[in-house]
Amino acid sequence: RRPVTLRPVTGGRYAFDPDALRAAFGPRTRLVLLNSPHNPTGKVFTPAELTLIAELCQEHDAYAVTDEVYEHLVFTDASAPHLPLATLPGMRDRTLRISSAGKTFSCTGWKVGWASGPARLVSALLRVKQFLTFVNAAPLQPAAAVALGLPDEYFADLRAGMQARRDQLVEGLNDAGFDVLAPEGTYFVTADVTPLGGRDGVEFCRSLPQRCGVVAVPTQVFYDDAEAGRRLVRFAFCKRPEVLTEAVTRLRRLAVG
């Protein structure tokens with residue numbers, strides 16, 4: 001496994017070094033794992049970035065597995081709309097695409113998802129599934145199928161509602177003194193704790209419940225290079241607006257203190 005790190009760039013979003021991606025490929029490369037829209041950063045990969053990934057996959061005869069569970073949670077001010085890697089030239093036959101009812105229909109506890117791709121890759125996935133969890137939540141799978149047939153208005157309303165919550169939390173975190181990286185998608189906001197005197201996200205998050213009754217996740221736990229995410233933390237905004245209001249009110253105590 002050879003990770004390529006996403007890092008904050010000018011404008012408060014994330015990017016990767018194209019040369020680092022090229023260097024990650026080699027004669028033994030067989031598979032690329034891509035998560036877009038991305039958790040925890042909220043990044044939506046641009047067409048140019050996806051084109052580079054597609055070109056390298058084909059150059060090295062590698063397959064791609066894409067995690068696209070936040071595909072319907074891309075906001076209107078994102079630098080680009082969500083573009084499935086499988087739709088790029090030459091990628092349809094070498095991409096296995098994974099999504100989930102949990103994010104799109106707000107039922108994460110169901111653990112119901114789906115995969116699509118060429119028959120030989122789906123067949124391989126089914127064999128893996130057989131020996132891992134076999135089957136899960138069978139009665140809920142027809143419900144997910146019904147949900148997938150909902151009109152386009154449902155998906156538009158979902159995005160609009162989450163975008164409003166994102167804006168509410170981003171504004172509140174800025175007011176509380178965080179250096180906020182506004183996401184382009186998902187339902188997470190990452191923020192730098194340095195302006196509040198934080199030096200380590202794990203320590204900051206462990207102290208946060210006692211200090212103001214709010215919980216966050218230190219994003220360094222998602223990194224191979226922990227130093228790259230040392231001072232970043234993740235907040236979720238998939239909450240009721242009144243809950244976000246209360247959380248922001250509590251977090252402002254950090255700036256006052």
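The values are calculated or read from the model by the stated rules, or taken from the named source; none is laboratory data. For clarity, every value in this text was computed on a predicted model and none was experimentally measured. We place every Cβ from the backbone using ideal geometry, glycine too, and count neighbours over all the protein chains shown. What goes into the accessible areas is simple: the full protein's heavy atoms, side chains included, and nothing from ligands, DNA or RNA. Shrake-Rupley method; radii C 1.70, N 1.55, O 1.52, S 1.80 Å.
Which percent of the accessible area of the stretch 1-92 is formed by carbon and sulfur heavy atoms (probe 1.4 angstrom)?
For the stretch 1-92, the apolar C and S fraction of the accessible surface comes to 54 percent.
What net charge do the residues around VAL202 carry, taking every other residue with its C-beta under 14 Å from that of VAL202, with Lys and Arg at +1 and Asp and Glu at -1?
+2
At what distance in angstrom do the alpha carbon centres of the stretch 155-192 and the stretch 22-38 lie from each other?
After rounding, the separation between the Cα centres reads 29 Å.
Keeping all protein chains in place, calculate the accessible area per residue for the chain (probe 1.4 angstrom), answer in Å².
Per residue, the chain has an accessible area of 53 Å².
Out of GLN130, GLN163, GLN220, any idea which swings most in a Gaussian network model of the chain, alpha carbons joined below 10 Å?
In the Gaussian network model the winner is GLN130.
Could you size up the charge dipole of the chain around its Cα centre, putting +1 on the beta carbon of Lys and Arg and -1 on that of Asp and Glu, and report it in debye to the nearest 20?
About 820 debye.
Counting only other residues whose beta carbon sits under 15 Å from that of PRO84, what net charge do I get with K and R as +1, D and E as -1?
-2
Kirkwood Rh over Cα pairs of the stretch 119-211 into Stokes-Einstein at 20 °C, 1.002 mPa s: D in µm²/s?
122
What's the carbon and sulfur percent of the stretch 118-199's accessible surface, probe 1.4 angstrom, rounded to a whole number?
About 61 percent, which is the carbon plus sulfur part of the accessible surface.
Kindly provide the trypsin sites (Lys or Arg not before Pro) of the stretch 15-81 that DSSP labels as loop, not H, G, I, E or B, and whose Cβ sees at most 14 other Cβ atoms within 10 Å.
Sparse-neighbourhood loop trypsin sites (Lys or Arg not before Pro): ARG28, ARG30.
With log10 I(q)/I(0) by the Debye sum over Cα atoms at q = 0.09 Å⁻¹ in mind, check [x] -0.55; [y] -0.62; [z] -0.45 and report the label derived from this structure.
[z]
Among the lysines in the chain, how many pairs, 8 or more places apart or on different chains, have alpha carbons under 18 Å apart?
Total qualifying Lys-Lys pairs in the chain comes to 4.
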